[in-house]
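Working notes for the structure below.
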Amino acid sequence: MFAERADNLRDCTSTRVVFRCATLMTATSADSSSQRGAPWAVIRVPEQVRAAEFPGLPSARVGGHRVGMARLLDPAEFNSTDTVAHARRLIGCWLVSRPPGGAEVRHRITETEAYNGPLDRACHGSRGRTARTAVLFGPPGNWYVYLCYGIHELLNLVTGPQDYPAAVLIRGIEGFSGPGRLTRSLEIGRSLYGKPAEPSSGLWLEDDDFVPPPHQVQATPRIGIDYSGPEWASKPWRFLWTK
């Protein structure tokens with residue numbers, strides 16, 4: 001059904017493919033009804049080809065929305081000590097929640113902060129292993145939820161290898177700015193503490209290969225950590241997607 005567009009696509013060049021997961025399957029003949037069972041050709045869609053031109057891919061949208069089939073993020077993808085890179089990478093990914101008996105709800109992540117290991121004075125793990133911080137010393141891909149100032153539940157994804165205490169604080173999603181508002185809006189509480197970021201827990205992360213325009217993502221110092229001292233308070237480890 002898209003055979004007539006093949007010649008135009010061959011002339012398009014790009015170093016980045018928008019749809020890494022979603023590819024267009026095009027019949028070798030414009031009369032697809034008479035070619036059932038015929039070979040199919042795969043066309044990768046270059047960046048400058050707008051998703052709106054291909055109504056046959058209803059899940060494909062541009063401008064900060066879904067651009068392909070989303071996949072569940074694997075905990076192994078966070079099994080390194082580069083916590084800052086993990087925090088930056090999560091910008092634009094989906095935070096997916098599913099309350100008991102409810103439907104899935106997806107929000108793009110718009111703000112994160114990195115808390116990087118035992119030397120980072122702003123990281124809870126720098127004070128050693130306690131009952132509250134034990135999950136930080138465990139494997140990556142679990143949720144670390146704690147109560148801040150006796151009021152706000154804050155949502156963190158544990159990263160790094162075993163015994164390297166690190167996490168990414170998810171501070172904002174589309175429609176909700178601030179970590180306290182985020183958890184209240186999604187009804188996230190400490191019952192998620194230590195649970196895996198996967199559908200079985202009701203809260204997980206997905207990636208559909210959408211990348212926010214780099215000029216829209218700011219790196220700034222983290223918020224509310226002056227107690228950690230000038231060196232750590234000034235680290236530009238907060239990432240904010242400003243659309």
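Summary of values
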| quantity | calculated |
| --- | --- |
| Check: the range 71-241 dipole with +1 on Lys, Arg Cβ and -1 on Asp, Glu Cβ, in debye | 480 |
| Which of 188, 109 has the fewest Cβ neighbours within 10 Å, and the rest in rising order | 188, 109 |
| Residue-by-residue Karplus 3J(HN,Hα) for the range 132-143, coefficients 6.51, -1.76, 1.60, Hz, glycine and proline x | 6, 9, 4, 5, 5, 8, x, x, x, x, 10, 8 |
| Segment residue 106-residue 127, length gained on full extension (0.36 nm per residue, minus Cα span) | 4.1 nm |
| Approximate spin-label separation residue 149-residue 243, in nm, with each point projected 7 Å along Cα-to-Cβ | 2.7 |
| Likely footprinting exposure, 235, 195, fewest C-beta neighbours within 10 Å first | 195, 235 |
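Readers should treat all values here as calculations from the given coordinates under stated rules, not as data from a laboratory. Being a predicted model, the structure only gives us computed values, none of them experimental. Cβ sites come from the backbone with ideal geometry, for glycine too, and all protein chains shown count toward neighbours.
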